[in-house]
1. Tally time: how many residues in region 45-91 are without any contact (Cβ under 8 Å) to a residue 24 or more places away in the chain and of a type in the set (A, V, I, L, M)?
2. Would you confirm whether any residue within region 136-153 is among the acidic types (Asp, Glu) and closer than 30 Å to ARG374 by Cα?
3. Would you confirm whether any residue within region 17-29 is within 16 Å of ligand 1 (Cβ to nearest atom) and open to solvent by less than 20 Å² (accessible area, probe 1.4 Å)?
4. Quick check on ILE224: is it part of a helix (DSSP H, G or I), open to solvent by less than 10 Å² (accessible area, probe 1.4 Å) and touching a residue at least 60 places away in the same chain (Cβ under 8 Å)?
5. Does TYR326 fit the bill of being under 20 Å from SER276 (Cβ atoms), assigned to a helix (DSSP H, G or I) and among the hydroxyl-bearing types (Ser, Thr, Tyr)?
6. Does ILE268 fit the bill of being of a type in the set (A, V, I, L, M, F, W, C), surrounded by 19 or more Cβ atoms within 10 Å (Cβ to Cβ) and either in a strand (DSSP E or B) or touching a helix residue (DSSP H, G or I) at 6+ places or on another chain (Cβ under 6 Å) (or both)?
7. Got a sec? Which of ASP231, ASP263 is surrounded by fewer than 19 Cβ atoms within 10 Å (Cβ to Cβ) and in contact with a Cys (Cβ under 9 Å, 6 or more places away or on another chain)?
8. Inside region 65-161, counting only helices (runs of 4 or more DSSP H) that do not spill past its ends, which hold 1 or more residues that are among the acidic types (Asp, Glu)?
Amino acid sequence: MNHIKHLKCVICGKTYQPDEVDYVCPDHGAEGILDVVYDYDVIRQNISRETLAGNKDTTIWRYKPLLPVEPDSPVPPLTVGGTPLYDAPRLAAGLGLKHVWIKDDGREPTASFKDRASAIAVVKAQEKGAEIITTASTGNAAAALSGLCASVDQPNVIFVPKSAPQAKIAQLLVFGSTVMLVDGTYDDAFELCLEAADEYGWYNRNTGFNPYMSEGKKTVSYEICEQLGWDAPDVLFVSVGDGCIIGGVHKGLKDLLALGWIDKMPRIIGVQAEGSNYMAEAWTRGEDVLTKPPIQAETVADSISAGLPRDRIKAMAAVTETDGAYITVSDEEILAAIVVQARGSGVFGEPAGAAAYAGLVKAVEMGLVSPQDRIVVINTGNGLKDIAGAMKSVEMDGTEPYLVKPSLEDVKRALGA
Ligand SMILES: *Cc1c(COP(=O)(O)O)cnc(C)c1O
Ligand SMILES: [Zn+2]
């Protein structure tokens, strides 16, 4: 991989060759997440905006020279990436804004953003000849790894809290993963998975541990900028749990700036649930995320429930280095956003997906965006992932179906009422 200069510890800045370390900086343990540093001169020889324009591959692999994999490594057959960026003029008008787009990552093969990272994990594990891949997850990273592994017949072991939504657990079982339902929180599942991976020598996909997961997630920024004709948006809204997505969004934009493919860094706004607000609290109070203790996380948006965000260092940098912000939204605001976003754009998000839109609504109220801003909101997960959440959303909204007998009379009565 001559396009990679080295891996750099986000804490001490020490650098390593990719084959020198397994996942994290040996001096800093699980906190010492590594950032992949590229040689952009090498990358430029293999990809350009012009070659992309002629590339018919619409998946994340169209950006392969920018990804941390060998050029000739086989990739899984599921089509990851290439998700739509919908212009949402009605949502924009409703908020007094000019331009709002929804990037719909509910359209990934296992219906969440996590496929972007899990696709990379499968390739890296196979490059290493790993027999088993493992991850802990609130649900979506697990489903993503599970589905991607099924597509290439790769054995895997998954750790999820037993409270994960049924749909996500169903995905794991349908795809044939070995599933450990952990009687505890996501944070407990994470620690247990690290221990088991260590014990058995499994390939570890864990978010905020494996340095390559941000690299898959960064492809969303490439797509958004390419879909906007390389005219980067002014502001991006992304929901934040462990902080790997927001770090990846930032990394993708940094790559594009370094290559000279975009000419400004958008502001990145991280949206957290009030009940899982570690990053927002640290940002508001100016706290050091290396020493800030875990919080008790509780929110309807299970995918962004994280007491100790694993990728918090990159997640903080994404906001501070882009003149962005962290904001919080209540569970009520998240649930309200599900129907508003769905009716205003046709994009049905799970709670953590619609949280980003709830964040935009909040940001408008707070004056954090201006009417002229070109704004992209990332919907990270499909609404069908969490039917209980969706039903709470319509209940709150007061929407009810009519119960009718199979007679036109009854329909007339219902419509007349
Ligand atoms: C994982 C996830 C997030 C948050 O991503 P982090 O990297 O944990 O911050 C947001 N929305 C959905 C639907 C997710 O699955
Ligand atoms: Zn270090």
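The values are calculated or read from the model by the stated rules, or taken from the named source; none is laboratory data. All values reported here derive from a predicted model rather than from experimental measurement. Methodologically, a virtual Cβ is constructed for each residue, glycine included, from the backbone with ideal geometry; neighbour enumeration extends over all protein chains shown. Heavy atoms of the whole protein, side chains included, go into the accessibility calculation; ligands, DNA and RNA do not. Shrake-Rupley method; radii C 1.70, N 1.55, O 1.52, S 1.80 Å.
1. 2
2. no
3. no
4. Yes; evaluated as a whole, the condition is true for this residue.
5. no
6. yes
7. Exactly one residue qualifies, and that residue is ASP231.
8. Fully inside region 65-161 and qualifying: 115-127.
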